[in-house]
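Data first, discussion second: the structure below is written as structure tokens.
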Amino acid sequence: MRFHCIICAFSLLGLAVSALGQAGDGKDRQGTVQKNLFPHLKAPPAPVLSAEEAVKKFTLPKDFEVQIVASEPLLDTPVAMEIGPDGRMWVVEMRGYMRDPDATGEHDKTGRIKILEDTNHDGRMDKATIFKDGLFLPRAIALVRGGVMVAEPPKLLFFEDTNGDDKADKQTVIATDYAVACDPARGKSANPEHAANGLMWALDNWIYSANHTVRFRNTNGEWQREPTIKRGQWGISMDNLGRIYYNSNSDMLRGDLIASEYLQRNPFSSGSGTAIRLAKTQETWPGRLNLGVNRAYRKGTLRSSGPLEGRLSRYTAACGPVIYRGNNFPKEYQGNSFVCEPSGNFIRRNRHIETGGSIIAENAENGNEWMSSSDERFRPVNLYNGPSGGLYIVDMYRGLVQHKIYLTSYLRNQAESRGLEKGIDKGRIYRVVYKGNNTSSTKLAKANGSDLVAALSSDNGWVRDTAQRLLIESKDDVNYKLANLAKEGNHALGRVHALWSLEGRAAISPDIILDALKDVDRSVRMSAARLAEPWLKVTGSDAILDQLILNTRTDDITELRQMVLSLGAQKNILSHMAIRSVLYNHAEKPHILDAALSGLAGQELEFLELLLGEKRWHNAKNRSNVIEALADCIFKEGRPSRVGNLVYYTYGRRTQDWQRISILRGIDRNSSKGKPVYYDKKPSMLSKLQKSKYPEEAKLAKSIDKLFLWKGKPGVKPLPPLRPLNDTEQALYTQGKQFYTFTCAACHQGHGRGQAGVAPPLVDSDWVLESDERLVRIVLQGLTGPITVNGKKHDLEMPALVGFNDDQVAAILTYIRREWDHRGEPITPQKVQDIRTATSKRIDPWTAPELLKLK
């Protein structure tokens, strides 16, 4: 739970502390004095308040009301929850988290999963049942197939109650690599703030997590897993189109405008469309003084002047986002995002502005925050939609929130001087409702199949999601009713959920998809396009392909992007003609080119050849980026014959001057770190280009010369023979390929070229091929902060590969040093063991400057 930089709350006077004593001090520069920059400001007392008293400290817009759903003694340190079809609330209690500033007893198995019930129907929980206890820092929950998925580092578990007593009596291990950063085997370096969480059942029937690179699904009792991208740090949500949203501590909201699986299709494209920053500013407007924020002694953390002096100036602990999809708030709240900021004691509301295929998230309160508290112990960490249509808030309610790994001496002294490390066995769940609107809860536990089909058309997203899940898990004969709803339902979102319910029941058919592609609503057409993709490869699917092509005539860029993505599943002349038309008309629109390239892997040359032959493209100089991107992909593919054809096209009889320049620019994108292509002799067309009378053309031809090598080229030494791997090394390589595929490929991809905003490339990376010392350390302890790879700066985080022994680490590293035409030397298990021993006391991830000091 990265409430990173969240403090625990302290405030004080002019106390200055030297940077010694706490693990968090190591993040400061040597000699830093942790001085209170606001000695003239005094934080008000922060006593432990009852839930009833705490509610009075909230400030919200007019006509909103905060209701207490649960509080202590029923709750202790809640961090996540899910409401069941019967209205009962399943809560994750991370009771071992920071019981004192030394994290005493953190590795004790005191975590619990608790069921809360409202037995007298007054809206407040009054009964608690411990479903499962004895857990190590549990952090996520999902109700699935009559059981409960629970994240207990480093495992993802599935618990069942087989005798109906509300106690877990059967356990299945789904995965052993979940939230590994918090694996207790790591000892003092176990990090609860940087480990997987979330477990959100999405529209596409997959279960996604924040801070994890695997998605899960259960089909007829069998668990499946697939690689996906890493998303944020703590909390995950989706909108009505199924687009996924998340954040990190200082980056309030990001989202996937393109489903991540599409961008994994083409290893030669560096396309984007995931992890798009939606909030353009990180400025905050808290409702109280925030002197108890970690590193408040650094200038800029708090506002230094004006009426908001001493208040948090920008996000430092953003977490737990949710897209509001309920039916209680006013209509203008639909589709808004809400984001927790526990260090600032507030919740942000963002209005989403979608135009031209982009989304911008703007503060809806204009210089204020939607919900704030004057109680310093209000620590919202997760938000949810629910059956009442309101917004549910998980409040950890405590003073001390910062984990010891990041705790500074300044913070600790402040917290202890004000007693904020005490009173930590609390917790609340609130529900925010709009007064006067309907708040009645829908319960689906006893609903029959027909009732569940009807529930798919609810105005409440929680009801639709829950009904969809229950229908997929049900054996009731409702496929005909679902098909009828998908075609004739009055509610567009009901038709969307009917489609995905049929998919989850393996009952979707081509005729249903074809009808849905003709629907009047774009959300239905977009879902139908995704569901159409497998059928495009089946004989007799011409009508579906034709309709997808017709749908590319839309002016809605969001829908158009999906049509292009889905057409990429069928590589034939008709789909490519449609994609070329889209690019001609809309290539400059957000991520349209990315969508097109994602489905062209290995066919970019043929696509370019036909494009150059189209007369309308002769005067499309404003679309030069299309030709550049195609040429870039073709060169990255690295096949001499195809690259040779690409160069030949520069002087093809139909190639225009601007097109020739565009091809050269695309090749030149690889000039700094591209991998050269080898020929027996110099390509004749390269010589012609280098002698061109056009200055830019000649300049580009000379720039790319180093990318073309041939026998006898001056200064080019014949490649030394590649040393064959011996039997032991070959076994490591083979084993490493398996580990890489299931562990590393989700971020770095099977092609080793990484993903924008997720992971840097491994192909031709000096970090992979040069120093053993650096490479092994990155894997053992992780890497944080800016790093330059192949000439491009990446500001990402690489978690340590926890749970892998020396042989396994050596296998992975041997694989990446010999895959993708690499010629690196293998890494031995002994080398890994030696470095592991030498760095055994290392807790924090490495930084690039630290590693560059090593040879």
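For the pairs Lys481/Lys518; Lys688/Lys713; Lys435/Lys481, flag any whose C-alpha to C-alpha distance is greater than 25 Å. Where the Cα-Cα span goes over 25 Å, the pairs concerned are Lys435/Lys481. For the pair Gln830 and Ile573, the difference between a 0.36 nm per residue extended length and the Cα-Cα distance amounts to 87.2 nm.
Extending 7 Å from the Cα toward the beta-carbon at both Lys681 and Lys855 defines two label points whose distance is 4.6 nm.
A Förster radius of 25 Å, combined with the Cβ-Cβ distance separating Lys127 from Ala454, puts the computed FRET efficiency at roughly 0.25. Could you pull the accessible area for Trp462 with a 1.4 Å probe, rounded to 10 Å²? Trp462 has an accessible surface of roughly 30 Å² with all protein chains in place.
Only Cα pairs under 8 Å and 6+ residues apart enter the sum, and on that basis the relative contact order of the stretch 650-783 stands at 16 percent. Rounded, prolate or oblate: which fits the stretch 242-323, taking a ≥ b ≥ c as square roots of the Cα gyration tensor eigenvalues, rounded meaning a/c under 1.5, else prolate when a/b beats b/c? In terms of gyration-tensor shape, prolate. Computed over protein heavy atoms with a 1.4 Å probe, the accessible surface of the stretch 530-677 works out to 39 Å² per residue. A Förster distance of 35 Å, applied to the separation of the beta-carbon atoms of Lys537 and Glu588, puts the FRET efficiency at 0.70. Remark: the Thr788-Ser840 segment gains 16.1 nm on full extension, using 0.36 nm per residue and subtracting the alpha carbon distance. What shape does the stretch 560-617 have by the C-alpha gyration tensor, where a ≥ b ≥ c are the square roots of the eigenvalues, rounded means a/c under 1.5, and otherwise prolate means a/b greater than b/c and oblate the rest? Verdict is oblate for the stretch 560-617. For Ile843, no residue whose modelled amide H falls within less than 5 Å of its own remains once neighbours fewer than 5 places apart on the same chain are excluded. In the full protein context, the stretch 692-794 carries 52 Å² of accessible surface per residue, based on a 1.4 Å probe and ignoring ligands, DNA and RNA. Sorting His40, His576, His107 on solvent-accessible area from highest to lowest, probe radius 1.4 Å, gives His40, His107, His576. In this rough spin-label picture, where each label sits 7 Å from Cα along the Cβ direction, the Arg642-Lys673 distance is 2.2 nm. For Glu117, the solvent-accessible surface with a 1.4 Å probe is about 40 Å², rounded to the nearest 10. Go ahead and run the numbers for FRET between Ser304 and Glu65, Cβ-Cβ distance against an R0 of 41 Å, rounding to 0.05. It comes out at approximately 0.70.
Remark: relative contact order (the chain) = 11 percent; criterion is Cα-Cα distance under 8 angstrom and separation of 6 or more residues.
Residues of the stretch 573-598 with an amide N closer than 11 Å to a point placed 7 Å from the Cα of Leu610 along the Cα-to-Cβ direction: 573-581.
Straight-distance candidates among the lysines for linking to Lys404, with alpha-carbon spacing under 24 Å and chain neighbours fewer than 8 residues away dropped: Lys27, Lys35, Lys109, Lys155, Lys188, Lys299, Lys422, Lys426, Lys841.
Each of Asn726 and Ser771 was given a label point 7 Å from its Cα along the Cα-to-Cβ line. The distance between the two points is 2.8 nm. The long axis of helix 479-488 is offset from the longest Cα principal axis of the chain by roughly 80 degrees. Gain on full extension, evaluated as 0.36 nm per residue between Asp100 and Leu709 minus their Cα-Cα distance, stands at 212.9 nm. In the chain, the longest principal axis of the Cα atoms and the axis of helix 657-668 are about 60 degrees apart. Taking each DSSP H run with n ≥ 4 as -39500 (n - 2.57) and averaging over every residue of the chain yields -8000 deg cm²/dmol at 222 nm. Solvent-accessible surface of the stretch 387-431, averaged per residue with a 1.4 angstrom probe and all protein chains in place: 18 square angstrom. The angle between the Cα long axis of helix 409-418 and the main principal axis of the chain comes to about 20°, on a 0 to 90 degree scale.
With the full set of protein chains in place, find how many percent of the accessible area of the chain is carbon and sulfur; take the probe as 1.4 Å. Solvent-exposed carbon and sulfur of the chain make up 49 percent of the total.
Here the stretch 605-638 is scanned for amide nitrogen atoms under 19 Å from the site 7 Å beyond the Cα of Lys699 along Cα-to-Cβ, giving 624-625, 628. Straight-line reach from Lys621: which lysines fall under 17 Å, measuring Cα to Cα and dropping same-chain residues less than 8 apart? In chain and number order, the partners are Lys589. Taking 12 Å as the straight-line reach from the Cα of Lys699, the aspartates and glutamates in range (excluding those fewer than 8 positions away in the same chain) are Asp668. Asp657 exposes around 90 Å² of accessible area when a 1.4 Å probe is run over every protein chain in place. Could you tell me whether the stretch 173-252 comes out rounded, prolate or oblate from its Cα gyration tensor? Rule is a ≥ b ≥ c as square roots of the eigenvalues, rounded for a/c under 1.5, then prolate if a/b exceeds b/c, otherwise oblate. Taking the square roots of the gyration eigenvalues as a ≥ b ≥ c, the stretch 173-252 is oblate.
The values are calculated or read from the model by the stated rules, or taken from the named source; none is laboratory data. All figures in this text were calculated on a predicted structure; none of them were measured in a lab. Cβ coordinates were reconstructed from backbone atoms using ideal geometry, including for glycine residues, and neighbour counts include every protein chain displayed. Quick note on the areas: whole protein, heavy atoms, side chains included, nothing else; ligands and nucleic acids left out. Shrake-Rupley method; radii C 1.70, N 1.55, O 1.52, S 1.80 Å.
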